[in-house]
1. Any chance the stretch 3-23 includes a residue that's of a type in the set (A, V, I, L, M) and in contact (Cβ under 8 Å) with a residue 40 or more places away in the chain?
2. Pick out the one residue from Gly246, Gly299 that is modelled with pLDDT of 95 or more, out of contact with any helix residue (DSSP H, G or I) (no Cβ under 8 Å at 6 or more places or on another chain) and either at positive phi or not in a strand (DSSP E or B) (or both).
3. Any idea which of (1) touching an Asp or Glu at 6+ places or on another chain (Cβ under 8 Å); (2) within 30 Å of Gly233 (Cα to Cα) is the one Thr35 doesn't satisfy?
4. Just to be sure before I move on: is Arg214 part of a helix (DSSP H, G or I), at pLDDT 65 or above and of a type in the set (Lys, Arg) in the structure I sent?
5. Considering only residues that are in a strand (DSSP E or B) and surrounded by fewer than 22 Cβ atoms within 10 Å (Cβ to Cβ), which ones fall in the stretch 249-264?
6. Can you name the condition, by its number, that Arg58 falls short on among (1) among the basic types (Lys, Arg); (2) more than 18 Å from Val327 (Cα to Cα); (3) surrounded by 10 or more Cβ atoms within 10 Å (Cβ to Cβ)?
7. Residue check, Glu117 against (1) surrounded by 13 or more Cβ atoms within 10 Å (Cβ to Cβ); (2) at pLDDT 70 or above; (3) of a type outside the set (Lys, Arg), all met but one. Which one?
8. From the residues in the stretch 216-245 that are out of contact with any strand residue (DSSP E or B) (no Cβ under 9 Å at 6 or more places or on another chain) and not hydrophobic (A, V, I, L, M, F, W, C), which one is nearest to Leu316 (Cα to Cα)?
Amino acid sequence: MIKSDHTFVIIPEGTKEPRRIFLSKRFLNIILYITLFLLGAGCVRLVIYAKELIELRRVAGPILQENKDLHQRNKALIAQRNAIKYSKDSLLNEIETERVAHAKRLSEVTDELERLENFVTDLKILAGYKLNKSDAEKLKGHDIGQNDKNAGEGGPLISPESYMEGIASNPQDSLKLSIDNDAQVLADRLRDKRDALKDLRNFLERKATLLEGRPVGWPVVGVVTSEFGPRNGEFHPGFDIANVIGTPVFATGDGVVTFKGYVGSYGNMIEVDHGKGFTTLYAHLSRYEIATGDRVERGDVIGYIGNTGRTTGPHLHYEVHVNGVPVNPRPYIEKTPE
């Protein structure tokens, strides 16, 4: 605190008279208090910002890791696609160079190969397959027939290399018949393989979200009354969705019921383990529709909205945990099953 008045003297150059500026101690104290207040407010805001930044990093950690994994998977799929395209184009160029006269027959084979490659790519995407170095080399060095030689169809298919060697060794007058027959056999077998893979792809599409192990969609019909995050000086680790008592509650993913019972402020609660680190929690239930150890599928009714535990009214408290850590359910609720 400033206890006396101050006078400041400004002495200009030359012969001009000095100027005096008188500042009272009251004015100086006001300036001092304002400066201290602004500094204090800035420090408080800085602390609040640091806490928010730490919390944001903690919540965003799993999402960033998932994004990194998807980026790596995308790079692997691009490399796989380029390798397949290179192999296909090389085979087509060799065939067209050696025997242009048979372009129509070989074009049919090429079309079947392209369709089969698209189905294989779809299956690998659904399964989340990631190519390593040895797999990439194997993909470049082996054709479809070698990969399927144990499929029980009665014999190995012909690789591009051995096929071209056979062309070179055949007499000129029998070459056309040999190419026609081999191409027809290859086209028929590839067509059969494509039909079999079509059924497999349909099955994997239905089960893709189960293989991912991720909860998807809304667990109950209602109105969100409280979001994930800070609430009244505390941290709310889930979603509150309000509706009348007895409204059905659904499992948001395939999994196993690992807990069913009464837990303090959660009231009647169910926990479902979806595998791969994903679990979901459903609290404040009025009654259960399952038992501990039951296996549930997405959309199964597992309980009903209630008012048990610490509540202000009937609602479902819903949590999503990744590796034991509660995360914001919003991205999983808004995601549509593939």
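1. no
2. Gly246
3. So Thr35 meets the others, but not (1).
4. For Arg214, the condition - part of a helix (DSSP H, G or I), at pLDDT 65 or above and of a type in the set (Lys, Arg) - is not met.
5. Phe250, Val256, Val257, Thr258, Phe259, Lys260, Gly261, Tyr262, Val263
6. (2)
7. (2)
8. Looking only at the stretch 216-245, we keep the residues that are out of contact with any strand residue (DSSP E or B) (no Cβ under 9 Å at 6 or more places or on another chain), and these are 216, 231-234.
Then keep just the ones that are not hydrophobic (A, V, I, L, M, F, W, C); that gives 231-234.
On the way: Arg231: 17, Asn232: 19, Gly233: 21, Glu234: 19 Å.
Residue satisfying both the conditions and the ranking: Arg231.
The values are calculated or read from the model by the stated rules, or taken from the named source; none is laboratory data. Quick caveat: nothing in here was measured; it's all calculated off a predicted structure. Because the Cβ atoms are built from the backbone with ideal geometry, glycine has one as well, and the counts that use them run over all protein chains shown.
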